[in-house]
Protein chains: 2
Amino acid sequence: MANNQGESGLTSKDYYFDSYAHFGIHEEMLKDEVRTLSYRASIYNNKHLFQDKIVLDVGCGTGILSMFAAKSGAKHVYGIDMSNIIIQARKIVDDNGLTDKITLIQGKMEDVKLPVDKVDIIISEWMGYFLLYESMLDTVLVARDKYLAPGGMIFPDKATMYIAAIEDGDYKEEKIDYWDNVYGFDYSSIKSLAIKEPLVDTVDARAVVTTPCAFREIDILTVQKSDLTFTVPFKITAARDDYVHAFISWFDIGFTHCHKPVHFSTGPHAKYTHWKQTVFYTPEAITVKNGETIEGVLSCSPNGINPRDLDIVIDYSFNGNHGSIKEHCEFKM
Amino acid sequence: MANNQGESGLTSKDYYFDSYAHFGIHEEMLKDEVRTLSYRASIYNNKHLFQDKIVLDVGCGTGILSMFAAKSGAKHVYGIDMSNIIIQARKIVDDNGLTDKITLIQGKMEDVKLPVDKVDIIISEWMGYFLLYESMLDTVLVARDKYLAPGGMIFPDKATMYIAAIEDGDYKEEKIDYWDNVYGFDYSSIKSLAIKEPLVDTVDARAVVTTPCAFREIDILTVQKSDLTFTVPFKITAARDDYVHAFISWFDIGFTHCHKPVHFSTGPHAKYTHWKQTVFYTPEAITVKNGETIEGVLSCSPNGINPRDLDIVIDYSFNGNHGSIKEHCEFKM
């Protein structure tokens, strides 16, 4: 694209505020079969849980989860979304003869008034990159606290965040060191920005050098908004002699209410999902020997200025055969 | 990404209005070597044209073209950009010791007042997808009419738009027919949206079934804004027996002032560029035999509501051994 000057008017502004109005983003999510088939399995294989229940779909998008729930015998499904995609969703629900089972309401969860006081089940696909980036979990918690009946269920109900370290010399050179010499010019001022920015990308499982460490488990039934700002320790152990150029993070999701629990992973060892993995480059490579450990602390908090951005800090230390390293790395995504 | 509700505040709005403030979009453009090396060749190999000249860089981004011009002996370069990327550009220009040769001004071309009355050369990388989508050509024309000295030069000065037709059954099925059955549900209302939307994607040269037709040549020195709304005929001839599922369009760019003219193409037969090609799916496949022709008319105009969007209409007719087709296809990008 040309380096335009961003002179767009109201329409583009609306478009940004409502980037989910376009079907393209929903196409990517629908075509993520790990995601969509996991939700479908958790709903279709548990008709005994959905039968005659009132269901709330938070951030319903094109209505796919609402339709899964309706097909599983729900008495009624309420789908909420702020985006104009809900206009398409209504057409789709109608084309599939489910208008009497599904009511779609456009608005913010905080503002909408459901025609019922309580719901039995909340379904939502709220996860963002690094689980929490631009995620809709806050909105799910609002819905839970306002509408979920005692003993009600949330699909999914568990999320676990992981960290590990990878060898990634070639790509780090392409993404970070590239800025040292751009067609003969010194672009190192961009380099210092680039290294602070986590990269969302697919990581080859063979690049993973260490054991993984589950650094955060989230129980959606009980978690509080304040729990999403956290500082947690981690410890990972090299599984071979190699170099470490980056930490990576991913998450697993669980639907543990199911007759047979459904899980999926967004890790490098699992099938591709549109969440990929999140890569945090370290300033210097770490030369690790099999069995040596990297210990650290990861902090995550919403950015003070834009709460949908995340400030992530990784402090780590390493005492190995090839030297000692202690670093403080600040990232923003 | 989760289907969030777009609840962001001022910062995100600013970010959208200034999506060019982030280095990522500039990284993609810089790493497009067909693009950047063509500009560099046109400037570095023509020092006799740049020596002691006043140069204006319209939409300077990170300042790469300005620095090329300064290194080629320009007396002074003025770089204009509306985006906050100019703050980075100033740092880069400074880091490369070119502050006395390059002045970077943040603002709209329409509003800024250069410290000089006229410039000898305008350089700009203004091209968008399908050449004209979100392009900055309007701004280049404003700069030309306001500042270019009589006999002045524009780099590049020529653009040519092409159309051809391709066999693309498998991908059309994945992108368009997908919506007929989404996990068992009828999403055909999305299908009718999807087919109206040109796809920016790389097309394999082997998929091209017909001859290309150059339907629009633009001389940047003389073109008027009104010329960017046009209706032009085209005629393409099948080069083999095959099926046609889509029209594609691309553009070539020329720097014809050069001692040895520099050209690059964004066509399917040429090396990858970030502009890729633009694909317009037809409602039905056309069964063509070698030598048969498809004739049509292509109209292009800025959208009435958002002038940065394009309304593109392709009317075509085909009389072949396997039947006759006459279609009117409306696209919006």
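For the range B:94-116, a residue qualifies if it is modelled with pLDDT of 95 or more, touching a helix residue (DSSP H, G or I) at 6+ places or on another chain (Cβ under 7 Å) and over 21 Å from B:MET153 (Cβ atoms), and the qualifying residues are B:ASP95, B:ASN96, B:LEU98, B:THR99, B:LEU104, B:GLN106.
Of all residues in the range A:262-315, exactly one satisfies the criterion of being more than 19 Å from the chain's Cα centre (by Cα), without any contact (Cβ under 8 Å) to a residue 40 or more places away in the chain and in a strand (DSSP E or B), namely A:ASP315. With respect to the conditions (1) touching a residue at least 24 places away in the same chain (Cβ under 8 Å); (2) in contact with a Phe, Trp or Tyr (Cβ under 9 Å, 6 or more places away or on another chain), A:ALA149 lacks only one, and its number is (2). Answer yes or no as to whether A:ASP100 is assigned by TED's automatic domain parsing to the domain that holds A:ALA41 and free of Cβ contacts under 8 Å to residues at least 12 places away in the same chain. Answer is yes for this residue.
Among the criteria (1) within 30 Å of A:MET29 (Cβ to Cβ); (2) without any contact (Cβ under 8 Å) to a residue 12 or more places away in the chain, the one A:MET333 does not fulfil is (2). Where residues in the range B:49-64 are within 12 Å of another protein chain (Cβ to nearest Cβ) and aliphatic (A, V, I, L, M), which of them is nearest to B:ASP100 (Cα to Cα)? Top of the filtered list is B:ILE64. In the range B:274-291, the count of residues that are on the phi > 0 side of the Ramachandran plot, modelled with pLDDT of 95 or more and touching a Ser or Thr at 6+ places or on another chain (Cβ under 7 Å) is one or more.
The one condition from (1) outside any strand (DSSP E or B); (2) under 23 Å from B:ASP177 (Cβ atoms) that B:HIS257 does not meet is (2).
Selection over the range A:62-83 of residues that are surrounded by fewer than 24 Cβ atoms within 10 Å (Cβ to Cβ) and in a loop (DSSP other than H, G, I, E, B) gives a count of 3. Scanning the range A:65-83 for residues that are more than 10 Å from chain B (Cβ to nearest Cβ) and under 18 Å from B:SER189 (Cα atoms) yields a total of 1.
Considering only residues in the range B:84-139 that are over 30 Å from B:LYS332 (Cβ atoms) and among the hydroxyl-bearing types (Ser, Thr, Tyr), the one that is farthest from the other protein chains (Cβ to nearest Cβ) turns out to be B:THR103.
Only one entry of A:TYR171, A:TYR162 meets the criterion of being surrounded by 16 or more Cβ atoms within 10 Å (Cβ to Cβ), within 14 Å of another protein chain (Cβ to nearest Cβ) and either of a type in the set (Phe, Trp, Tyr) or assigned to a loop (DSSP other than H, G, I, E, B) (or both), and that entry is A:TYR171. Of everything in the range B:168-184 that is free of Cβ contacts under 8 Å to residues at least 40 places away in the same chain and of a type in the set (Asp, Glu), the residue that is farthest from A:ALA70 (Cα to Cα) is B:ASP170.
Taken over the range B:222-232, the residue count meeting the criterion of being exposed (fewer than 15 other Cβ atoms within 10 Å of the Cβ) and assigned to a loop (DSSP other than H, G, I, E, B) is 3. The set of residues from the range B:97-151 being of a type in the set (S, T, N, Q), buried (at least 21 other Cβ atoms within 10 Å of the Cβ) and assigned to a strand (DSSP E or B) comprises just one member, B:SER124.
In the range B:176-184 there is at least one residue that is modelled with pLDDT of 95 or more and within 22 Å of B:ASP311 (Cα to Cα). Tallying residues that are touching a Ser or Thr at 6+ places or on another chain (Cβ under 9 Å) and either without any contact (Cβ under 8 Å) to a residue 60 or more places away in the chain or over 25 Å from A:VAL140 (Cβ atoms) (or both) within the range A:217-239 yields 6.
The selection criterion, being among the β-branched types (Val, Ile, Thr) and either in contact with a Leu (Cβ under 7 Å, 6 or more places away or on another chain) or assigned to a helix (DSSP H, G or I) (or both), does not hold for A:ILE218.
Given the criteria in contact with a helix residue (DSSP H, G or I) (Cβ under 8 Å, 6 or more places away or on another chain) and of a type in the set (Lys, Arg), does A:LYS71 qualify? Yes, satisfied. Please enumerate the residues belonging to the range A:37-64 that are farther than 11 Å from A:ILE80 by Cα, touching a strand residue (DSSP E or B) at 6+ places or on another chain (Cβ under 9 Å) and polar (S, T, N, Q). If the condition is that a residue be farther than 11 Å from A:ILE80 by Cα, touching a strand residue (DSSP E or B) at 6+ places or on another chain (Cβ under 9 Å) and polar (S, T, N, Q), then A:SER38, A:SER42, A:ASN45, A:ASN46 are the ones that fit.
The values are calculated or read from the model by the stated rules, or taken from the named source; none is laboratory data. Since we're looking at a predicted model, the values are computed, not measured. Glycine also receives a Cβ, built like all others from the backbone with ideal geometry; neighbour counts cover every protein chain displayed.
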